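Taking it in order: structure first as structure tokens, then the write-up.
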Amino acid sequence: MEIEIKETFAKKILTEVKGYLDVGFTHSLNPYSGCAFSCKYCYVREMPIQRFKGIPWGEWVDIKANSAENYRNEIIKLRKKNRNVNIFMSSATDPYQPVERKANITRGLLEEMIENPPDFLQIQTRSPLITRDIDLLVRIKEKCKLLVSMTVETDREDIKKIFAPYAPGIKLRLKAIRELHDAGISTQASISPALPFTPDFPKILEGIVDHIWIDTLNIGDGAMGKRSERLGMAQLFEEHELSKWYRKDIHLSIEKYFLKYFDSEMVRVSKDEAYLK
């Protein structure tokens, strides 16, 4: 799949949060626009940034070339106002796009955060590329609270291929989580959205994550499942005889199952307003 890559200059890099992120985060940070991973369930497909783009989701990525400079200027201003800065990176893209290998936009931001750290930083990704930056992450965690959250919707590669064929493999993501955890970095497995998995999924995560985050298409798409419906998720589940997983209460069953293996303090469900606890 050919991807259109453009370099842009954003007016701002920190966006004050609202909606589902308003659970302790103050700002979201998106180093890129668009996403090459092109997951079929991604709620951003139904947001204005994509609906009015004119190019299919997954076929374009805009590089925000001045991200680090903007971050430095904006956090200095926030600090002068004695504002807390709790960052979710990223809400509408993945901060480790394939082009990040050359563009180094996210790495540049992390370098700036060593000098001007936020109070809390959560990095949300599904890319093993994040292990490249372990050297910076180790330094950042000494200056602020840091959580690296790796999306692992399932432990089944066949399921991943149905819903996210262009995303990195599950085994590679699990290997990355282990490397991060072994480096002393707090890690989270984000089962978001929860897709069909094997009974051994919790065992695979034991010893390599500090937190489990459970999310579903009905809770986590920012519109109580309406965006997922418009994206045809019900039909996709039905087509592959997986309809029993497309239930509004599926998070209750998944939470109950994971609590057999993990303490209640480790397992969080997106309906809970406990993100930063």
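The values are calculated or read from the model by the stated rules, or taken from the named source; none is laboratory data. All values reported here derive from a predicted model rather than from experimental measurement. All Cβ positions, glycine included, derive from the backbone under ideal geometry; neighbour counts span all protein chains shown.
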Exercise for the section: Just name the residue that is surrounded by the fewest Cβ atoms within 10 Å (Cβ to Cβ) out of those in the range 12-43 that are basic (Lys, Arg) and in contact (Cβ under 8 Å) with a residue 24 or more places away in the chain. Expected result: 12
Practice task
Please work out which one of (1) surrounded by fewer than 22 Cβ atoms within 10 Å (Cβ to Cβ); (2) over 26 Å from residue 215 (Cα atoms) is the condition residue 129 fails and give its number.
Solution key: (2)
Problem - Lone unmet requirement of (1) under 20 Å from residue 43 (Cα atoms); (2) polar (S, T, N, Q); (3) more than 18 Å from the chain's Cα centre (by Cα) for residue 192 - result: (3)
Problem - Condition met for residue 78 (more than 20 Å from residue 127 (Cβ to Cβ) and more than 18 Å from the chain's Cα centre (by Cα)) - result: yes
Handout entry: Tally of residues being assigned to a helix (DSSP H, G or I) and closer than 17 Å to residue 90 by Cα across the range 49-73
Key = 6
Exercise for the section: Could you tell me whether any residue of the range 173-189 is among the small types (Gly, Ala, Ser), buried (at least 18 other Cβ atoms within 10 Å of the Cβ) and out of contact with any helix residue (DSSP H, G or I) (no Cβ under 7 Å at 6 or more places or on another chain)? Expected result: no
Handout entry: Close pairs (8 angstrom Cβ cut-off, 6 or more residues apart or separate chains): without any contact (Cβ under 8 Å) to a residue 60 or more places away in the chain in the range 238-259, assigned to a helix (DSSP H, G or I) and of a type in the set (Phe, Trp, Tyr) anywhere
Key = 243/237; 245/237; 246/237
Practice task
Could you run through the range 22-43 and say how many residues are under 21 Å from residue 169 (Cα atoms) and not polar (S, T, N, Q)?
Solution key: 9
Practice task
Report, by residue number, each residue of the range 193-209 that is closer than 28 Å to residue 143 by Cα and part of a loop (DSSP other than H, G, I, E, B).
Solution key: 206, 207, 208, 209
Exercise for the section: Tell me, yes or no, whether the range 229-243 has at least one residue that is farther than 19 Å from residue 128 by Cβ, touching a helix residue (DSSP H, G or I) at 6+ places or on another chain (Cβ under 7 Å), assigned to a strand (DSSP E or B) and modelled with pLDDT of 95 or more. Expected result: no
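The rows are residues; the columns are (1) part of a strand (DSSP E or B); (2) in contact (Cβ under 8 Å) with a residue 24 or more places away in the chain; (3) in contact with a strand residue (DSSP E or B) (Cβ under 7 Å, 6 or more places away or on another chain).
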| site | (1), (2), (3) |
| --- | --- |
| 96 | no, yes, yes |
| 110 | no, yes, no |
| 114 | no, yes, no |
| 118 | no, yes, yes |
| 121 | yes, yes, yes |
| 139 | no, yes, no |
| 147 | yes, yes, yes |
| 155 | no, yes, no |
| 184 | no, yes, no |
Practice task
Filter the range 254-277 down to the residues that are at pLDDT 95 or above and not in a loop (DSSP other than H, G, I, E, B), then identify the one that is surrounded by the fewest Cβ atoms within 10 Å (Cβ to Cβ).
Solution key: 256
Handout entry: Residue satisfying all of: in the range 91-103; within 12 Å of residue 32 (Cβ to Cβ) and surrounded by fewer than 22 Cβ atoms within 10 Å (Cβ to Cβ); nearest to the chain's Cα centre (by Cα) among these
Key = 91
